[in-house]
Each structure stands twice: as C-alpha cells, then as structure tokens.
Amino acid sequence: MIQRIGLPMDEKKHMPPKNKAQLSEDELIILREWVANGASFDQKVMEIDPENKLFILASNKFEAKKNLQF
C-alpha cells in the first residue's frame, strides 16, 4: 500500500487512482507511522501512548473532529 501511494501519479499502479482525491502530506505521514506501528485496524488513537509519534500526529490532525470512525 505504501509503495503504491509513493509511485508517480502517471504510474498505472499509483494509489489512489488519478480520478480520486490524493492524500495530503500530513495524511501520508500519519499513514506511514500507522504502518510502522503495526497497522492495527482495532486500535484507537486514544489507546496509543500519548508520547508515541502516531498519537501526536493523529491527535493534532484530527483534534477538531472528535467523532471520526476509521
């Protein structure tokens, strides 16, 4: 997934596809950190150690949006 996101836009395997919204730089950083932390679909941000980089990045990005569901 990370490899496909990092492909050039004109590459056929680039994700998301050209006609879809692309991830922001902040979203890419959070995604990479999420993968580095084990890519758990069950773990909630609030369950992560507050000093963990993923917790800091995600809570800063989404703090105004308290009811997000992933």
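The values are calculated or read from the model by the stated rules, or taken from the named source; none is laboratory data. Quick caveat: nothing in here was measured; it's all calculated off a predicted structure. Reconstructed Cβ throughout: ideal geometry from the backbone, glycine too, with neighbour counts over all protein chains shown. Note: areas computed on protein heavy atoms with side chains; ligands, DNA, RNA excluded. Shrake-Rupley method; radii C 1.70, N 1.55, O 1.52, S 1.80 Å.
Which of rounded, prolate or oblate describes the chain when judged by the alpha-carbon gyration tensor and an a/c cut-off of 1.5? Before the final figure, lay out each step's value.
Values: a/c = 2.42, a/b = 1.88, b/c = 1.29.
Verdict is prolate for the chain.
What's the angle, to the nearest 10 degrees (0 to 90), between helix 53-62's Cα axis and the longest principal axis of the chain?
On a 0 to 90 degree scale, this one is about 80.
Compute the acute angle (0 to 90°) between the alpha-carbon long axis of helix 25-36 and the principal axis of greatest extent of the alpha-carbon atoms of the chain; round to the nearest 10°.
Between helix and principal axis, roughly 70 degrees.
Can you give me the accessible area per residue for the chain, using a 1.4 Å probe, in Å²? Intermediate values should be presented prior to the final figure.
Working: 5890 Å² over 70 residues.
For the chain, the per-residue accessible area is 84 Å².
Return the carbon/sulfur percentage of the accessible area of the chain, one whole number, probe 1.4 Å, all protein chains in place.
On the way: 3170 of 5890 Å².
Carbon plus sulfur share of accessible area: 54 percent.
Return the FRET efficiency for the residue pair GLU11, ARG32: r is the Cβ-Cβ distance, R0 is 22 Å, and the value is rounded to the nearest 0.05. Write down the numbers at each step before the final one.
Working: r = 19 Å, r/R0 = 0.84.
My answer for the efficiency is 0.75.
Any idea what the dipole of the chain comes to, in debye rounded to 20, about its Cα centre with Lys/Arg Cβ at +1 and Asp/Glu Cβ at -1? Each step should come with its number before you reach the end.
Values: 11 positive and 11 negative charges, 78 e Å.
Computed charge dipole of the chain: roughly 380 debye.
Of GLN43, GLY6, ILE56, which is farthest on the positive side of the dipole of the chain, counting Cα position, with +1 on Lys and Arg Cβ, -1 on Asp and Glu Cβ, and the Cα centre as origin?
So the residue we want is GLY6.
Relative to the present Cα-Cα distance, how much length would full extension add between SER40 and GLN22 at 0.36 nm per residue of separation? Let's see the in-between values first.
Details: separation 18, 0.36 × 18 = 6.48 nm, distance 2.23 nm.
Result for the pair: 4.2 nm of gain on full extension.
Please list, in chain and number order, the residues 5+ apart from MET15 or on another chain whose amide H is under 5 Å from its amide H, with Hs placed from the backbone.
ILE5, LEU7
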